[in-house]
1. Residue 74 is checked against (1) within 19 Å of residue 146 (Cα to Cα); (2) within 16 Å of ligand 1 (Cβ to nearest atom); (3) free of Cβ contacts under 8 Å to residues at least 60 places away in the same chain and fails just one. What number does that condition carry?
2. Of everything in the stretch 332-356 that's touching a Leu at 6+ places or on another chain (Cβ under 8 Å) and modelled with pLDDT of 95 or more, which residue is surrounded by the most Cβ atoms within 10 Å (Cβ to Cβ)?
3. Scan the stretch 100-117 for residues that are within 13 Å of ligand 1 (Cβ to nearest atom), touching a residue at least 24 places away in the same chain (Cβ under 8 Å) and part of a loop (DSSP other than H, G, I, E, B) and report the count.
4. Return the total of residues in the stretch 322-369 being more than 16 Å from ligand 2 (Cβ to nearest atom) and not polar (S, T, N, Q).
5. Give just the number: which of (1) modelled with pLDDT under 95; (2) of a type in the set (S, T, N, Q); (3) under 24 Å from the mean Cα position of the chain (by Cα) does residue 408 not satisfy?
6. So, of the residues in the stretch 54-96 that are of a type in the set (Lys, Arg) and part of a loop (DSSP other than H, G, I, E, B), which turns out to be farthest from the chain's Cα centre (by Cα)?
7. Is it the case that some residue within the stretch 84-101 is away from ligand 2 (no atom under 16 Å from the Cβ), surrounded by fewer than 15 Cβ atoms within 10 Å (Cβ to Cβ) and hydrophobic (A, V, I, L, M, F, W, C)?
8. Residues that are more than 19 Å from the chain's Cα centre (by Cα) and more than 18 Å from residue 311 (Cβ to Cβ): find the helices (runs of 4 or more DSSP H) completely inside the stretch 200-275 holding 3 or more of those.
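The values are calculated or read from the model by the stated rules, or taken from the named source; none is laboratory data. Source: prediction; values computed, not measured. Don't worry about glycine lacking a Cβ; one is built from the backbone with ideal geometry, like all the others, and counts go over all protein chains shown.
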Amino acid sequence: MVLTKKHQVIDLKTGQLSGHIFVDPDIYPQELKQIFGRSWLMIGHESLVAKPNDSLHTYIGKDPVILVRDGKGKLHAFLNRCTHRGNRTCRVDDGNEKFFTCAYHGWIFANDGKLTHVPGYEEAYYGELHRETHALKKARIDTYAGIVFATWDQHAPSLEEYLGDARWYLDTVFNRLESGTEAYGPIKWMEPVNWKTPVDNCSDNYHVPLSHGSSAGLETAYLGRPRTTLDEQFKSPSKHLSVNGHAITFRMSQPGDVRRAHGVTNENLHLFEQYYKETQADAERHLGKFRAGHVQLANHSIYPNGVLGFRLALPRGPMLTEFWHFVVVEKAMPRELKKALANGSVSNNGPAGLFEQDDLDNWRQVTDGTRTPMGQSLPQDLSMGLNHSGRHDEYVGEVSERYISESNQRKFYQRWEEFMNAEDWGDIALQPRTASYEGTATMKG
Ligand code: FES
Ligand SMILES: [Fe+2]
């Protein structure tokens, strides 16, 4: 490959991708700054900090962050770093507190970030410390359908622009009903792989019938359904598309169809059928007839590190990812079905999940195959469906002709290059928003 830019890793003419970006220790710190320092990142869900003074410890990339609802109900995200010497001011995963007290010298911060108490303020500091300029470092936050996003970059576009037309598809799972969603979790584990590998995998429908053959075989045998074959996937009218680096795939469906999810069993299928039938009219009011009836979001990722739903690939090193798994369910759903989905999600995509183990084995092997001297010098091949994607009459985004393609992966690495080479947001393009939204749904729910 001919390298002409500072970072040119994907050859869009041939689909060849430089493998070193998955293992190179010099790339990783640049990603933390150029990508995780600028993007809007999912950090939590409003339901996890529902009451005044609730807090959740989370991350903006590698930076530890306290997501907190202050006494007046306003959400904030603060760097969990005392402004004195940098100690962590919050040591719990979640809680309900009005103040965060630093355990080193006892500075106290209110949950709106203000520094309210300094031991020895008069005696040791002679009353000369400017408490106002020592508030906790605050991130910019916004929400989409209850999911809290944050960015350090004051010049980033709005979250609505950042998601762009991807929202048209994301709404079908995160924003189907006006009554909204709630989240459980996270379950956390470490994966000895680069964060980009699981993200890339999120819209790789190519691997599903093969890698997950035995897991899916068990599941479908139990449900008494025919197995999905690779041939069916190739012929499927479902879609594979990309917007602003977000990778989307969706299935064509019929009004009232049960959303395909782990946790739907022979025993509870009739309850899910009843639920989707009963809520179809509400969904149509919220999303319009077409989206509510015919579009079911399938495998997808939200740039840069949102993985298949509200799950996060948090960067922890060139070859180390901390994986966070949340489950998001509709509030209106009966408790029994919420429980079934949560159990299904964990037992298939949790750390010991059937499907997750299939994936993780591939990701580890891909990593190992890239870290050797010869392996590192060779490209990965992402040529599938080259020159077979573009604008579509009905669907927004860069749409592939087939459900199975590597177009989204090429777009993801193209976006990666764009962020890695950009001086600032002025160098990062956003696709114009062209989707038209039927129904009452907004960014806020
Ligand atoms: S580091 Fe927090 S009070 Fe000193
Ligand atoms: Fe998979």
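1. (2)
2. As a first pass, look at the stretch 332-356 and keep what is touching a Leu at 6+ places or on another chain (Cβ under 8 Å): 332-334, 336-337, 347-349, 354.
Filter again for modelled with pLDDT of 95 or more, leaving 332-334, 336-337.
Working: 332: 16, 333: 21, 334: 13, 336: 10, 337: 19.
Ranking the candidates gives 333 first.
3. Keep residues of the stretch 100-117 that are within 13 Å of ligand 1 (Cβ to nearest atom), which gives 100-109, 115-117.
Next, from what is left, pick out any that are touching a residue at least 24 places away in the same chain (Cβ under 8 Å): 100, 107, 109, 115.
Keeping just the survivors that are part of a loop (DSSP other than H, G, I, E, B) gives 107.
Final tally of qualifying residues: 1.
4. So the first thing to find is which residues in the stretch 322-369 are more than 16 Å from ligand 2 (Cβ to nearest atom), and the list is 322, 324, 326-343, 368-369.
Restricting the remaining residues to those that are not polar (S, T, N, Q) gives 322, 324, 326-342, 368-369.
Of the residues in the stretch 322-369, 21 are more than 16 Å from ligand 2 (Cβ to nearest atom) and not polar (S, T, N, Q).
5. (1)
6. So in the stretch 54-96, the residues of a type in the set (Lys, Arg) come out as 62, 69, 72, 74, 81, 85, 88, 91.
Okay, now just the ones that are also part of a loop (DSSP other than H, G, I, E, B), so 62, 72, 74, 81, 85, 88, 91.
On the way: 62: 15, 72: 28, 74: 23, 81: 24, 85: 32, 88: 26, 91: 25 Å.
Going through the qualifying residues, I end up with 85.
7. Yes.
8. Numbers: elements: 208-211, 213-223, 230-235.
Qualifying helices (runs of 4 or more DSSP H): 213-223, 230-235.
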